Amino acid sequence: MVKIRRFFKTWREILSIYYSIHGKLVVFLFALNIFRDLFAIVGTYAFSLFIEKLSNFEASTSHTEYLAPVLILVIYQTLNSFSDLIYYFLENRLNMWDVALMRVRLSSHLASIGIGKLENPELTNKTTRFSETMGQFYGYLSGALSAISLIISLIISFAIFFRLMPVFSILLVGVCLL
């Protein structure tokens, strides 16, 4: 239980550091990550429509009824690729800036403390450990954003699934809890 608390405390600390540096960018990446996770449901639905139309294929019917599912799939793939491109561009931008901005913040904080306190061995040790692990922070941020957005997407997906098939949803939750 202590490790789980420490895990979430680390997430909270990393998120607060990044939010203080790039608040809007972190929120936008978080929202875009949720959008990308939920958008997979749309793609699955469009693909299922396409498969359903193909299974009802008759040679004598007009092919215009196949246009809607194909168009939905093309639009889905285009929007998905575009959202991936934006996400990776912003993620790369944040990853490039984070270490430099954290070093600037650390330097300004250390300058505000004063020379007398900088000679304290405990403060020097903590500063050194922070500087050594600073490059790993983005991995924690990326993991935290992905995990939180997947949890939110799972809850929304389950709500949609529960709305469509309530009895099966209750059985599924019961099986998962066993």
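The values are calculated or read from the model by the stated rules, or taken from the named source; none is laboratory data. Bear in mind that the values here come from a model prediction, so they are computed numbers and not experimental data. Don't worry about glycine lacking a Cβ; one is built from the backbone with ideal geometry, like all the others, and counts go over all protein chains shown. To get the accessible areas, we keep the full protein, side chains included, count just its heavy atoms, and leave off ligands, DNA and RNA. Shrake-Rupley method; radii C 1.70, N 1.55, O 1.52, S 1.80 Å.
A compact table of results
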| read-out | value |
| --- | --- |
| Most mobile of Ser20, Ser108, Ser81 in a GNM of the chain (Cα contacts under 10 Å) | Ser108 |
| Solvent exposure, largest accessible area first (probe 1.4 Å, DNA, RNA and ligands not counted), of Arg93, Arg6 | Arg6, Arg93 |
| GNM top mover of Met96, Met134, Met165 - the chain, alpha-carbon springs below 10 Å | Met165 |
| Positive-pole candidate from Ile75, Cys176, Gly116, dipole of the chain, charges at beta carbon | Gly116 |
| Fully extended contour minus Cα-Cα distance, from Thr124 to Phe28, at 0.36 nm per residue | 31.0 nm |
| Accessible area (Å², 1.4 Å probe, nearest 10) - Trp11 | 30 Å² |
| Two-site label geometry, Phe39 and Arg163: point separation in nm, points 7 Å out along Cα→Cβ | 2.1 nm |
| In nm, spacing of pseudo-spin labels at Leu154 and Leu85 (7 Å Cα→C-beta vector) | 3.2 nm |
| Two-site FRET efficiency, Leu71 against Asn95, from Cβ-Cβ distance with R₀ of 41 Å, rounded to 0.05 | 0.70 |
| The chain - mean residue ellipticity at 222 nm from DSSP helices (-39,500 (n - 2.57) per run, n ≥ 4, rounded to 500) | -31500 deg cm²/dmol |
| Anchor Lys3: lysines whose Cα lies under 25 Å away (excluding residues fewer than 8 positions away in-chain) | Lys126 |
| Point-to-point label distance, Ile170-Phe8, nm (Cα→Cβ direction, 7 Å offset) | 2.9 nm |
| Per residue solvent-accessible surface (Å²) - the chain, probe of 1.4 Å | 70 Å² |
| Region 40-162 - Debye-derived log10 I(q)/I(0), Cα point model, q = 0.17, 0.19 Å⁻¹ | -1.00, -1.10 |
| Portion, in percent, of the accessible area of the chain that falls on carbon or sulfur, probe 1.4 Å | 71 percent |
